1. What number of residues within the range 32-50 satisfy the criterion of being more than 16 Å from residue 95 (Cβ to Cβ) and either touching a Lys or Arg at 6+ places or on another chain (Cβ under 9 Å) or hydrophobic (A, V, I, L, M, F, W, C) (or both)?
2. Given (1) within 15 Å of residue 85 (Cβ to Cβ); (2) in contact (Cβ under 8 Å) with a residue 60 or more places away in the chain, where does residue 2 come up short, assuming only one miss?
3. Could you grab me the full set of residues in the range 29-45 that are in contact with a helix residue (DSSP H, G or I) (Cβ under 7 Å, 6 or more places away or on another chain) and either outside the structural domain of residue 91 (by TED's automatic domain parsing) or of a type in the set (Ser, Thr, Tyr) (or both)?
4. Can you tell me which residues in the range 1-24 are modelled with pLDDT of 85 or more and among the charged types (D, E, K, R)?
5. Going by the conditions given, is residue 184 surrounded by 17 or more Cβ atoms within 10 Å (Cβ to Cβ), within 18 Å of residue 134 (Cα to Cα) and within 15 Å of the chain's Cα centre (by Cα)?
6. When the residues of the range 183-202 are narrowed to those that are under 15 Å from residue 220 (Cβ atoms) and touching a Ser or Thr at 6+ places or on another chain (Cβ under 7 Å), which ends up nearest to the ligand (Cβ to nearest atom)?
7. From 218, 208, which residue is within 16 Å of the ligand (Cβ to nearest atom), modelled with pLDDT of 85 or more, exposed (fewer than 12 other Cβ atoms within 10 Å of the Cβ) and farther than 30 Å from residue 276 by Cβ?
Amino acid sequence: KVGIGAVLKQKGEDNKLHPIAYFSKKLLSYQQNYSITEIECLAIVEALDFWHHYLYGKEFTVITDHNALRWLKSVKKPNSRLFNWSLKLSQYSFDIKYQSGKTNVEADCLSRSPIDRIENDSHIKIVNLISKQDLIIEQNNAIENKEAIPKRCKKENDLIVRVKNNFHKAFIPEKLRKNLIEKFHLDFGHLGAGKMQKLMSTCYFWPNLSKNISTFVNCCKVCQSNKLSRRKTLGSLSQIGPAKEPFEIISIDTIGGFSGYNSSKQYIHVAIDNFTRFAWCIASKTQSAKDFINLIKSVSSINKPKLIVADRYTGI
Ligand SMILES: [Zn+2]
């Protein structure tokens, strides 16, 4: 035994059970010394704990291939661990149904190839990024097109993989790499390069994987603009005032970094009337005295401001 696994299922409108969540966890080294019955108990306790938010206060059925829970109740002098488990289980209301491992296939499979709990969800997502059939087709295309397959890779069940530290990493042919990185980056909400490298390298393999990921993330417009706004905190408007009437104080400032959206105008020059919060905006390619004058002109076309507060336009 290497791990524990469980499937959470819900009865649908068709009266059939549908899986809604999976759970699997590697056994820690000391847990591997547990008896089969104890491991079975552990699996139930951990799974209920994992889905506590779904199960607490609900009636449900635990399907297991062991009489572990009956055994747990029958233990005459439980040690602290068993007592803890009993206590944990007592907060749920559930029936127990026995079903052999042969028919309880999913839970059995999950326990045989457990995935660490923290990475559980993301792992399933990573593997689903690309279907095995598509990958096999593209791998075969790559071989036909004489794409270099790294020597460290070998074929296993039709799939070219690299086995390292018991991890089977699928070899990704060149054609699929960019799409895969992009899909991953977007699916995981613009994840940073470091985390992407760590997660992707557990499932996929190709030379320069890390480098390709960094290059992609460095070029992602959304990531870049977020980084920019995090780094550059714009100065707050001056604390002069408060203004008691319109056009008494006009604050002006410039925001930059807008290029690339089908326009070469990088800057927006903003003037705000401190009293009414009325704003004037001018977009321009530069940040110069000329822009300042244009901005003031459009303010002055309505009324002459008494005081203009600015922290830029040092050239004036
Ligand atoms: Zn991004």
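The values are calculated or read from the model by the stated rules, or taken from the named source; none is laboratory data. Model, not experiment: these values are computed from the prediction. So basically every Cβ, Gly included, is an ideal-geometry build from the backbone, and we count neighbours across all protein chains shown.
1. Number of matching residues: 12.
2. Answer for residue 2: the failing condition is (1).
3. Within the range 29-45, 34, 37 qualify.
4. Within the range 1-24, 9, 11, 13, 14, 16 meet the criteria.
5. yes
6. Looking at residues that are under 15 Å from residue 220 (Cβ atoms) and touching a Ser or Thr at 6+ places or on another chain (Cβ under 7 Å), I get 193.
7. 218
Here's the yes/no breakdown for (1) within 21 Å of residue 98 (Cβ to Cβ); (2) hydrophobic (A, V, I, L, M, F, W, C); (3) buried (at least 18 other Cβ atoms within 10 Å of the Cβ):
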{"position": "7", "(1), (2), (3)": "yes, yes, yes"}
{"position": "10", "(1), (2), (3)": "yes, no, no"}
{"position": "18", "(1), (2), (3)": "no, no, no"}
{"position": "21", "(1), (2), (3)": "no, yes, no"}
{"position": "26", "(1), (2), (3)": "no, no, no"}
{"position": "32", "(1), (2), (3)": "no, no, no"}
{"position": "35", "(1), (2), (3)": "yes, no, no"}
{"position": "40", "(1), (2), (3)": "yes, no, yes"}
{"position": "45", "(1), (2), (3)": "yes, yes, yes"}
